[in-house]
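Notes follow the structure.
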Amino acid sequence: MTLDKYCHETKVIRTKRVFPNEINHFNTLFGGVLMYEIDVVASVSAAKLCLCECATVSTDSVEFLRPILPTDAVCLESFISWTDERYMEVFVKITTENLRTGQQQLAATAFLTFVALDENGKPRPIPQIRPSTDEEYALYFGGHERARLRKERRKSTYAIADILTV
């Protein structure tokens, strides 16, 4: 039997600098570099909830709200925002701090879905999550609708996959 956990027990915070090899021709952080970092912190949150190996099922959304500049430090904060019996939704909030002015801004948000895996690599039940802050409650109560939309999108993806050639 798994024990419920609070969202804050799955929180991960990671701060990194923006390096020259991560900059695109617009002089901003490559979106793919940020997506990699998002998946890394989200995977740690998932493992903290389940205390086992977890796998990314989908990146449901990444909303880029402002460019990330070479003068920025990037802070990624992730936590489990919603769960059902087999899936967990991870929310990632990305903020920047200009290292010359100290100005902080929200730069992006993301939702990812993970499953917990047993020792044979098969999905297993996961603990349920409980919110405790206003931000966690708002995300938690929107989770059912986001899960419904994910299921619809997944059906559509499989329908497209059926007509594609390999």
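Brief remarks on what is shown
- Hey, Ala46 outside any strand (DSSP E or B) and either β-branched (Val, Ile, Thr) or crowded, with 21+ Cβ neighbours inside 10 Å (or both) or not: yes
- Residue match in the range 36-43 (condition: assigned to a loop (DSSP other than H, G, I, E, B), crowded, with 23+ Cβ neighbours inside 10 Å and of a type outside the set (Ser, Thr, Tyr)): no
- Pairs with Cβ under 8 Å, 6+ apart, first in the range 28-55 and within 12 Å of Ile94 (Cβ to Cβ), second surrounded by fewer than 19 Cβ atoms within 10 Å (Cβ to Cβ) and of a type in the set (Asp, Glu): Val41/Glu77
- Lone unmet requirement of (1) within 22 Å of Tyr158 (Cβ to Cβ); (2) open to solvent by 30 Å² or more (accessible area, probe 1.4 Å) for Asp118: (1)
- Thr96 being surrounded by 14 or more Cβ atoms within 10 Å (Cβ to Cβ), of a type outside the set (Phe, Trp, Tyr) and either more than 30 Å from Val115 (Cα to Cα) or modelled with pLDDT of 95 or more (or both): yes
- Hey, Arg124 basic (Lys, Arg) and open to solvent by less than 90 Å² (accessible area, probe 1.4 Å) or not: yes
- Set side by side, the residues Leu76, Leu69 differ, and just one is of a type outside the set (Ser, Thr, Tyr) and part of a loop (DSSP other than H, G, I, E, B), which is Leu69.
- Residues satisfying the stated conditions in the range 154-166, i.e. free of Cβ contacts under 8 Å to residues at least 12 places away in the same chain and either surrounded by 12 or more Cβ atoms within 10 Å (Cβ to Cβ) or of a type in the set (Val, Ile, Thr) (or both): Thr157, Ile160, Ile163, Thr165, Val166
The values are calculated or read from the model by the stated rules, or taken from the named source; none is laboratory data. In this text, all values refer to a predicted model and were calculated from it rather than measured experimentally. No Cβ is skipped: glycine too gets one built from the backbone with ideal geometry, and neighbour counts run over all protein chains shown. Side chains are part of the model used for accessible areas, which takes the heavy atoms of the whole protein and leaves out ligands, DNA and RNA. Shrake-Rupley method; radii C 1.70, N 1.55, O 1.52, S 1.80 Å.
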